[in-house]
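Everything on this sheet refers to the single structure shown next.
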Amino acid sequence: MHVEQISIFIENKFGRLAEVTRILGDAGVNIRTLSLADTSDFGILRLIVNDTEKARTVLKERGFTVSKTEVVAVEIPDRPGGLADILQVLDADGINVEYMYAFVERCGENAVMIFRFDETDKAIATLTGKSFNVLPGERLYSM
Amino acid sequence: MFFNEEFETLPREALQALQLKRLKAMVARVEKSVPFYKEALAKAGVTSDSIKTLADLQRLPFTYKQDMRDSYPYNLFAVPMEDIVRIHASSGTTGKPTVVGYTRKDIDTWSELMARSFVAAGVHKGDIIHNSYGYGLFTGGLGAHYGAERLGASVIPMSGGNTKKQIMIMQDFGSTVLTCTPSYSLFMAEAAKEEGIDFRDLKLRVGIFGAEPWSEEMRRDIETKLNLSAVDIYGLSEIMGPGVAIECCEAKKGLHVWEDHFIPEIINPETCEVLPEGQMGELVITTITKEGIPLIRYRTRDITSITYEPCACGRTHARIARMSGRSDDMLIIRGVNVFPSQIEAILMGVEGVEPHYVLIVERKDNLDTLEVQVEVGENIFSDEIKHLQALSAKIEKQIKEMLGVTCRVRLVEPKSITRSEGKAKRVIDNRNKA
């Protein structure tokens with residue numbers, strides 16, 4: 001039920017983001033969704049792509065520092081309070097959200113959120129226990 | 001193991017008697033043949049005849065790098081040009097280089113001292129020495145080369161640069177000894193890794209690294225990544241070139257100065273007083289056998305300390321500590337003295353941090369600022385900002401605690417810090433440009 005995400009260290013410097021995306025584009029890697037966390041000096045670009053291994057290899061070849069992390073994708077009803085409901089469930093079980101961001105595509109009528117938890121497996125158990133739909137990686141990579 | 005056991009293990013009393021005899025003879029030569037020294041000695045009121053003990057050395061005048069520049073190119077030579085068989089010059093990053101000349105006997109002495117240094121480092125006949133010190137005006141390449149031949153080892157005259165070829169030759173020729181700058185050794189190991197070659201699988205057994213200051217932490221890193229025994233070598237072209245002092249592989253605790261040819265002193269660079277054993281100060285060297293360009297109390301600007309304690313290896317020659325840096329590399333940041341090597345030692349003490357760093361010093365509103373750029377490799381990269389920020393904060397705190405200077409750590413992408421094939425450029429000081 002885990003989703004693979006790659007994270008890239010990027011200096012806060014003109015043209016770096018363009019370079020990363022160009023390298024991926026030239027390698028035929030399609031970015032499914034992304035989020036950028038930044039500070040004044042550097043940023044961490046987090047990506048979910050259609051081919052994680054290939055993305056990692058081409059970026060490493062070009063000298064970028066890349067790591068692979070496991071995140072969780074959850075379907076959320078696209079209505080007021082949808083996100084609040086899910087966060088409440090997690091909070092009740094003492095699960096910490098390290099960060100989260102939204103997936104670009106919808107899954108039918110629902111929105112999709114990407115979560116990074118401190119305890120990934122426990123989070124998945126909690127969510128499935130409360131009948132939330134956790135999406136497998138393969139679904140996202142090809143959506 | 002020794003190359004010249006008699007002289008390397010000479011009892012200190014005999015060594016000092018030899019030093020005194022040679023010192024007097026050298027001063028007698030220069031007071032006749034070098035106008036600069038004739039004048040300087042007269043001004044100090046010293047003649048060769050008035051030197052009675054080694055303590056009289058302290059009455060002799062200093063020689064500064066500027067004196068060598070002012071004597072450009074040949075005015076400090078003590079013999080006619082027809083007796084000079086080789087000329088070298090320092091890199092001279094600013095203005096004219098400093099020029100040195102060697103007689104046949106000087107080259108002979110240098111070769112022997114370099115051969116002694118190789119043996120002290122654990123090298124023997126039958127070794128294949130991969131010499132990546134630059135050949136040319138710089139003394140590193142030819143100095144190591146002649147020493148290797150004197151020892152009877154096989155020397156590969158690689159010189160610096162062309163890293164891919166270096167790695168291929170090292171692999172194919174079965175090099176067992178590597179001589180280069182410490183930063184270049186790591187650069188090569190990194191480049192090899194990218195080619196899918198693990199340095200640990202090569203036949204290298206000994207690495208002799210010098211020409212720039214490095215730390216004990218960097219030694220550990222090199223020994224792990226290259227799987228060899230790394231020793232520190234010291235030299236400077238003004239005095240001779242590489243092989244003025246060497247660490248013995250038995251102790252690896254300080255570098256033996258070949259005292260039958262050089263007299264080392266440690267002084268306070270500001271007051272010029274001679275410091276006692278163990279105290280840090282500027283290394284001053286007097287060459288007592290050199291013919292081409294003998295130097296009296298040459299101010300090396302290198303910061304170290306000296307010990308005369310007996311060494312495990314059996315050599316009786318004094319040992320100087322690993323160089324803490326050049327007195328002119330020393331940064332004064334808001335009144336605090338900082339050597340790049342001290343920051344390197346702190347960085348390398350942090351788990352996963354690579355020895356690739358640059359210090360940037362600026363002056364903003366009359367206040368000095370220090371920025372330490374550290375590369376983020378996979379070992380320290382975290383997907384979460386808070387972990388990276390905690391790492392920066394940890395390094396900033398350690399530098400503050402250990403050196404007393406506030407700095408700002410900036411995390412940068414790997415390879416954004418320029419790799420050096422010769423001496424690593426560690427400091428960018430922008431204070432005087434504005």
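The values are calculated or read from the model by the stated rules, or taken from the named source; none is laboratory data. All of these numbers come straight from a predicted model, not from anything done at the bench. All Cβ positions, even for glycine, are placed from backbone atoms using ideal geometry, and neighbour counts span all protein chains on display.
Return the pairs, sorted by first residue and then second, in which the second residue is part of a loop (DSSP other than H, G, I, E, B), the first residue lies in region A:36-50 and is away from chain B (no Cβ under 11 Å), the beta carbons are less than 7 Å apart, and the residues are 6+ apart or on different chains.
If the second residue must be part of a loop (DSSP other than H, G, I, E, B), the pairs left are A:49/A:29; A:49/A:30; A:50/A:29; A:50/A:30; A:50/A:142.
Do you know which residues across region A:24-45 are part of a strand (DSSP E or B) and over 20 Å from residue B:384 (Cα atoms)? I'd like the intermediate steps shown before the answer.
As a first pass, look at region A:24-45 and keep what is part of a strand (DSSP E or B): A:31-38, A:42-45.
Within region A:24-45, A:31, A:32 meet the criteria.
Among (1) more than 14 Å from chain B (Cβ to nearest Cβ); (2) in contact with a strand residue (DSSP E or B) (Cβ under 7 Å, 6 or more places away or on another chain), which single condition is residue A:26 missing?
In the conditions (1) more than 14 Å from chain B (Cβ to nearest Cβ); (2) in contact with a strand residue (DSSP E or B) (Cβ under 7 Å, 6 or more places away or on another chain), residue A:26 misses (2) alone.
Any idea how many residues of region A:4-23 are in a loop (DSSP other than H, G, I, E, B) and either within 11 Å of another protein chain (Cβ to nearest Cβ) or closer than 17 Å to residue A:68 by Cα (or both)?
Narrowing region A:4-23 to residues in a loop (DSSP other than H, G, I, E, B): A:12-15.
Keeping just the survivors that are either within 11 Å of another protein chain (Cβ to nearest Cβ) or closer than 17 Å to residue A:68 by Cα (or both) gives A:12-13.
Matching residues across region A:4-23 total 2.
So residue B:316 clears everything in (1) more than 30 Å from residue B:264 (Cα to Cα); (2) assigned to a loop (DSSP other than H, G, I, E, B); (3) in contact with an Asp or Glu (Cβ under 9 Å, 6 or more places away or on another chain); (4) away from chain A (no Cβ under 14 Å) except one condition, right? Which one?
For residue B:316, the failing item is (1).
Residue A:55 fails exactly one of the following numbered conditions: (1) at pLDDT 90 or above; (2) surrounded by fewer than 20 Cβ atoms within 10 Å (Cβ to Cβ); (3) more than 9 Å from chain B (Cβ to nearest Cβ). What is the number of that condition?
(2)
Listed residues A:85, A:118; which is within 14 Å of chain B (Cβ to nearest Cβ), modelled with pLDDT under 95 and either under 30 Å from residue B:375 (Cα atoms) or surrounded by fewer than 19 Cβ atoms within 10 Å (Cβ to Cβ) (or both)? Full working, then the answer.
Numbers: A:85 fails: within 14 Å of chain B (Cβ to nearest Cβ).
It is A:118.
Name the one entry in B:346, B:395, B:380, B:399 that is outside any helix (DSSP H, G or I) and either modelled with pLDDT of 85 or more or loosely packed, with under 15 Cβ neighbours inside 10 Å (or both).
Values: B:346 fails: outside any helix (DSSP H, G or I); B:395 fails: outside any helix (DSSP H, G or I); B:399 fails: outside any helix (DSSP H, G or I).
It is B:380.
From the list B:287, B:271, B:316, B:307, which one is in contact with a Leu (Cβ under 8 Å, 6 or more places away or on another chain) and surrounded by fewer than 22 Cβ atoms within 10 Å (Cβ to Cβ)?
Criteria check complete, one pass: B:316.
For residue A:1, all conditions in the list (1) outside any helix (DSSP H, G or I); (2) at pLDDT 95 or above; (3) touching a helix residue (DSSP H, G or I) at 6+ places or on another chain (Cβ under 6 Å) hold save one; what is the number of the exception?
Only one criterion in (1) outside any helix (DSSP H, G or I); (2) at pLDDT 95 or above; (3) touching a helix residue (DSSP H, G or I) at 6+ places or on another chain (Cβ under 6 Å) is unmet by residue A:1, namely (2).
If I go through region A:88-108 residue by residue, how many of them are assigned to a loop (DSSP other than H, G, I, E, B) and within 12 Å of chain B (Cβ to nearest Cβ)? Lay out the reasoning, then the answer.
Of region A:88-108, the ones assigned to a loop (DSSP other than H, G, I, E, B) are A:93-96, A:103-106, A:108.
Within this subset, residues satisfying the condition of being within 12 Å of chain B (Cβ to nearest Cβ) are A:96.
Count: 1.
Inside region B:105-142, can you point out the residues that are at negative phi and free of Cβ contacts under 8 Å to residues at least 24 places away in the same chain? Quick ask: steps written out before the conclusion?
Residues of region B:105-142 at negative phi: B:105-121, B:123-125, B:127-135, B:137-142.
B:108, B:141 - these are the residues of region B:105-142 that are at negative phi and free of Cβ contacts under 8 Å to residues at least 24 places away in the same chain.
Right, residue B:217: charged (D, E, K, R), at pLDDT below 90 and surrounded by fewer than 24 Cβ atoms within 10 Å (Cβ to Cβ) or not?
Values: charged (D, E, K, R): yes; at pLDDT below 90: yes; surrounded by fewer than 24 Cβ atoms within 10 Å (Cβ to Cβ): yes.
Yes; evaluated as a whole, the condition is true for this residue.
Filtering region B:87-146 down to residues that are surrounded by 18 or more Cβ atoms within 10 Å (Cβ to Cβ) and among the charged types (D, E, K, R), which residue is farthest from residue B:245 (Cα to Cα)?
Filtering first and then ranking leaves B:127.
Would you confirm, using the coordinates I've provided, whether residue B:105 is at pLDDT below 95, in the same structural domain as residue B:151 (by TED's automatic domain parsing) and farther than 29 Å from residue B:276 by Cβ? Talk me through it step by step, then tell me what you get.
Details: at pLDDT below 95: no; in the same structural domain as residue B:151 (by TED's automatic domain parsing): yes; farther than 29 Å from residue B:276 by Cβ: yes.
Answer is no for this residue.
Report whether or not residue A:64 is within 11 Å of another protein chain (Cβ to nearest Cβ), crowded, with 17+ Cβ neighbours inside 10 Å, at negative phi and part of a loop (DSSP other than H, G, I, E, B). Walk me through how you get there before you give the answer.
Values: within 11 Å of another protein chain (Cβ to nearest Cβ): yes; crowded, with 17+ Cβ neighbours inside 10 Å: yes; at negative phi: yes; part of a loop (DSSP other than H, G, I, E, B): yes.
Spelling it out, residue A:64 is indeed within 11 Å of another protein chain (Cβ to nearest Cβ), crowded, with 17+ Cβ neighbours inside 10 Å, at negative phi and part of a loop (DSSP other than H, G, I, E, B).
Rundown of residues vs (1) under 23 Å from the mean Cα position of the chain (by Cα); (2) in a loop (DSSP other than H, G, I, E, B), yes/no style:
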| site | (1), (2) |
| --- | --- |
| B:160 | yes, yes |
| B:164 | no, no |
| B:179 | yes, no |
| B:185 | yes, no |
| B:189 | yes, no |
| B:192 | no, no |
| B:200 | no, no |
| B:203 | no, yes |
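The rows are residues; the columns are (1) over 13 Å from residue A:2 (Cα atoms); (2) free of Cβ contacts under 8 Å to residues at least 40 places away in the same chain; (3) among the hydrophobic types (A, V, I, L, M, F, W, C).
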position: A:59; (1), (2), (3): yes, no, yes
position: A:66; (1), (2), (3): yes, no, yes
position: A:72; (1), (2), (3): no, no, yes
position: A:90; (1), (2), (3): yes, yes, yes
position: A:98; (1), (2), (3): yes, yes, no
position: A:104; (1), (2), (3): yes, no, yes
position: A:107; (1), (2), (3): yes, yes, yes
position: A:114; (1), (2), (3): no, no, yes
position: A:137; (1), (2), (3): no, no, no
